[in-house]
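Comments concern the structure below.
The values are calculated or read from the model by the stated rules, or taken from the named source; none is laboratory data. All figures in this text were calculated on a predicted structure; none of them were measured in a lab. Here the Cβ positions follow ideal geometry from the backbone for every residue, glycine too, while neighbour counts run over all protein chains shown.
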Amino acid sequence: MVVTCSKEQGVGIIEVGHALTAATVDAFREQLASWQAVEPDVKNFVADLKQVDFMDSAGLGTLIAVLKRISEEGGDMKIACLQKKPRMVFEITRAYKVFEIYDTVDDALKKFN
Amino acid sequence: MKAVFYTAEALPWAEDLGDTPWPLLPVANRPLLDYWLETCAEIGISHVQVILGEGAEQVEEFAGTGFRWGVEIQYSFARASEQPLDYLKTISDRWNDGLLFIGGAFFLRRRQAYDPAGFKALEACTYMSGGRTLFLFGKNDSEVKTMLDGQMESGRGLEQIHLHPYAIEGIPAYFDLNMKMVAGESSRYLTSGFSEADCSSVGYNVLTPPSAHLRPPLIIGNDCSVGTMTTIGPRAVVADHVIVDSNTRLTNCLILQDTYIGQNLEIENKIVSGNRLVSAKDGTTIEIDDSWLVARNRPEMRTEDLVRYIILWFLALGVAIVQVIPFVILYPLVRLTRIGAYEEGIFHDPRTGFVKLPVFRKLEPRKSVVYRLFRAATLDRFPWLLLALRGRLFVCGQPPMRHPDDDEVVRQLSQYYPAVFSYADYSRDSDRLVDSLWYAHIRSLFEDVKILIKSLLYRFFRAGSQ
């Protein structure tokens with residue numbers, strides 16, 4: 001399972017497992033879309049990346065595409081628990097300017113509340 | 001006076017920066033060893049002995065006979081059990097006229113007032129760091145002997161002649177030294193093409209379009225290409241053969257040779273070496289298998305590796321072709337009898353960090369002819385062989401290391417070749433770490449073919465017997 005989704009305080013928590021790369025982005029998109037189909041009321045999301053130890057441009061591109069789609073639907077997505085190595089990819093690609101990044105899921109949830 | 005440079009000791013932090021042996025790691029685009037030899041030439045040392053370790057061939061290829069510096073270089077290897085100072089004691093006859101010893105990643109940072117003539121007045125001194133002697137200087141045998149016996153305090157002397165002893169003890173220190181050099185110190189060394197007036201040095205054959213911004217201080221090596229709307233500097237050191245794609249910004253960073261930097265990136269406070277991205281702050285290293293971001297722009301594969309790869313690929317193809325029909329027949333039977341099945345396991349991967357691999361497991365401890373045949377024909381490895389044919393695994397090498405069980409083993413391996421077949425397939429007393437280190441040391445086509453044949457034969461005669 002690439003993604004484990006849950007709902008907390010009305011916000012969708014997207015827990016991503018292991019690497020988010022070209023090999024896993026399709027499964028990520030599909031699993032997230034099927035969870036969203038079951039929970040259409042959830043507009044805001046927190047992507048919990050504590051288990052993501054590697055990310056490439058395809059993974060990052062998918063996160064940006066998901067953020068764009070969520071924003072178009074009137075919601076927002078924040079990033080939580082970004083690990084050291086993927087953080088470096090965020091830094092060199094300037095993705096930190098696109099996403100709001102928090103140390104913990106709770107911190108991200110507080111921002112929504 | 002003679003100089004002895006001890007480069008036999010491995011420095012783990014330097015291995016994160018690629019395959020370059022640490023004595024050849026560039027400081028402001030010149031190898032560290034180059035600075036040591038320059039100092040020898042300036043102070044009149046004509047005989048240099050270099051004690052080699054890993055990367056010996058590259059070190060010897062770079063320094064050669066020493067003709068470029070006007071010195072004569074001799075090479076030797078250190079015994080594994082021997083400490084640098086013990087070695088010096090054994091060659092006491094060679095330093096009767098004095099000795100300059102450098103025993104690690106050590107840099108003589110020149111202050112503005114430094115003059116090579118100052119060495120004539122320099123008193124015997126030694127510099128230690130982390131319990132190791134990194135620098136030692138004595139003008140006659142009694143001075144050297146006193147210091148080797150530890151009868152002199154560390155750290156005295158060098159500052160008298162406006163030299164700052166700088167121990168490069170990790171990636172942050174290495175990065176910091178490069179930034180100090182690009183910020184202006186570079187001009188205190190013999191640096192061709194460095195203009196002190198504008199604090200910049202741009203090498204030969206560097207393509208820069210009009211829209212590129214070069215902001216000093218910066219150093220750019222030879223044969224580089226800079227894309228449109230790119231900003232390089234301030235404080236950027238770019239080595240030889242580097243391609244920087246458009247709209248990218250390099251600030252306060254070190255780009256090592258043969259590196260491609262993709263479009264729209266922002267490299268700051270980082271070292272990039274091929275596809276390795278290293279944090280200058282804490283040395284965190286990430287290998288990026290994504291040529292849109294950063295990549296090595298020169299194939300790492302040597303002719304020997306290419307030949308090995310092609311031969312083993314065809315051997316693996318042959319084995320896979322032989323196995324395909326037995327697998328199609330036997331695997332459904334294995335599933336039907338519920339004697340075994342594939343389970344996914346998480347393994348370390350040298351390119352992506354982790355990878356899931358199917359691992360065949362015996363589900364019930366009963367005897368079964370089907371299982372026996374399946375194992376004897378090595379059909380349990382058939383999916384791995386297919387992965388090897390796709391280039392995701394090596395055919396022969398080290399056993400794939402599990403996560404998290406083998407994390408410690410992987411940490412100790414500087415070269416990791418997860419493969420379908422390994423020593424563990426035919427050696428009952430196999431130790432994963434020792435075998436993996438040994439394989440990395442003696443890796444060759446002969447060894448790989450030996451592993452393949454022995455593994456298949458052993459499994460045919462022994463592994464099939466349950």
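Which condition number in (1) at pLDDT 90 or above; (2) more than 25 Å from the chain's Cα centre (by Cα); (3) surrounded by fewer than 22 Cβ atoms within 10 Å (Cβ to Cβ) is the one that B:Q466 fails?
So the condition that B:Q466 fails would be (1).
Is it true that some residue in the range A:3-16 is in contact with a strand residue (DSSP E or B) (Cβ under 9 Å, 6 or more places away or on another chain), under 29 Å from B:E287 (Cα atoms) and within 12 Å of another protein chain (Cβ to nearest Cβ)?
Scanning the range A:3-16 turns up no residue that is in contact with a strand residue (DSSP E or B) (Cβ under 9 Å, 6 or more places away or on another chain), under 29 Å from B:E287 (Cα atoms) and within 12 Å of another protein chain (Cβ to nearest Cβ).
Quick grid of which residues meet (1) of a type in the set (K, R); (2) closer than 29 Å to B:S195 by Cβ; (3) out of contact with any Phe, Trp or Tyr (no Cβ under 9 Å at 6 or more places or on another chain); (4) not in a helix (DSSP H, G or I):
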{"site": "B:L17", "(1), (2), (3), (4)": "no, yes, no, yes"}
{"site": "B:W36", "(1), (2), (3), (4)": "no, yes, no, no"}
{"site": "B:T39", "(1), (2), (3), (4)": "no, yes, no, no"}
{"site": "B:V50", "(1), (2), (3), (4)": "no, no, no, yes"}
{"site": "B:E54", "(1), (2), (3), (4)": "no, no, no, yes"}
{"site": "B:E60", "(1), (2), (3), (4)": "no, no, no, no"}
{"site": "B:E82", "(1), (2), (3), (4)": "no, no, yes, yes"}
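Which residue out of B:L312, B:L333, B:L317 is within 21 Å of B:I451 (Cα to Cα), over 17 Å from the mean Cα position of the chain (by Cα) and surrounded by 15 or more Cβ atoms within 10 Å (Cβ to Cβ)? Walk me through it before giving the result.
Details: B:L333 fails: within 21 Å of B:I451 (Cα to Cα); B:L317 fails: surrounded by 15 or more Cβ atoms within 10 Å (Cβ to Cβ).
After applying the criteria, what remains is B:L312.
Specify the residue that is surrounded by the fewest Cβ atoms within 10 Å (Cβ to Cβ); the eligible residues are those in the range A:79-104 that are under 13 Å from A:V16 (Cα atoms) and more than 9 Å from every other protein chain (Cβ to nearest Cβ). Spell out how you get there, then give the answer.
Taking the range A:79-104 as the starting set, the residues that turn out to be under 13 Å from A:V16 (Cα atoms) are A:79-83, A:86.
Filter once more, keeping what is more than 9 Å from every other protein chain (Cβ to nearest Cβ): A:79-83.
On the way: A:I79: 25, A:A80: 22, A:C81: 20, A:L82: 23, A:Q83: 15.
Among those that are under 13 Å from A:V16 (Cα atoms) and more than 9 Å from every other protein chain (Cβ to nearest Cβ), it is A:Q83.
Given the options B:K367, B:K450, B:K454, name the one that is over 26 Å from B:I288 (Cβ atoms), of a type outside the set (V, I, T) and assigned to a loop (DSSP other than H, G, I, E, B).
Numbers: B:K450 fails: assigned to a loop (DSSP other than H, G, I, E, B); B:K454 fails: assigned to a loop (DSSP other than H, G, I, E, B).
Exactly one residue qualifies, and that residue is B:K367.
State all residues of the range A:15-40 that are part of a loop (DSSP other than H, G, I, E, B) and without any contact (Cβ under 8 Å) to a residue 24 or more places away in the chain; if no residue qualifies, say none. So that I can check it myself, show each step before the final result.
Here is the first cut: in the range A:15-40, the ones part of a loop (DSSP other than H, G, I, E, B) are A:17-19, A:21-24, A:39-40.
Of everything in the range A:15-40, those that are part of a loop (DSSP other than H, G, I, E, B) and without any contact (Cβ under 8 Å) to a residue 24 or more places away in the chain turn out to be A:A23, A:P40.
Filter the range A:51-76 down to the residues that are touching a residue at least 40 places away in the same chain (Cβ under 8 Å) and more than 10 Å from every other protein chain (Cβ to nearest Cβ), then identify the one that is surrounded by the fewest Cβ atoms within 10 Å (Cβ to Cβ).
Among those residues, the one meeting the criterion is A:T62.
Here is a list: A:D53, A:D48, A:D107. Which entry is over 13 Å from the mean Cα position of the chain (by Cα), of a type in the set (D, E) and closer than 25 Å to B:D407 by Cβ? Step through it out loud before you land on a result.
Details: A:D48 fails: over 13 Å from the mean Cα position of the chain (by Cα); A:D107 fails: closer than 25 Å to B:D407 by Cβ.
Only one candidate passes the filter, namely A:D53.
When B:H164 is evaluated against the numbered criteria (1) assigned by TED's automatic domain parsing to the domain that holds B:L25; (2) of a type outside the set (F, W, Y); (3) assigned to a loop (DSSP other than H, G, I, E, B), which criterion, by number, is the only one it fails?
Status for B:H164: all satisfied but (3).
Can you pull out every residue in the range B:49-81 that is of a type in the set (D, E), surrounded by 14 or more Cβ atoms within 10 Å (Cβ to Cβ) and under 19 Å from B:Q415 (Cβ atoms)?
Once the filter is applied, which keeps residues that are of a type in the set (D, E), surrounded by 14 or more Cβ atoms within 10 Å (Cβ to Cβ) and under 19 Å from B:Q415 (Cβ atoms), the range B:49-81 yields only B:E54.
Are any residues in the range B:276-296 closer than 13 Å to B:R351 by Cβ and β-branched (V, I, T), and if so, which ones?
The answer is B:I286, B:I288.
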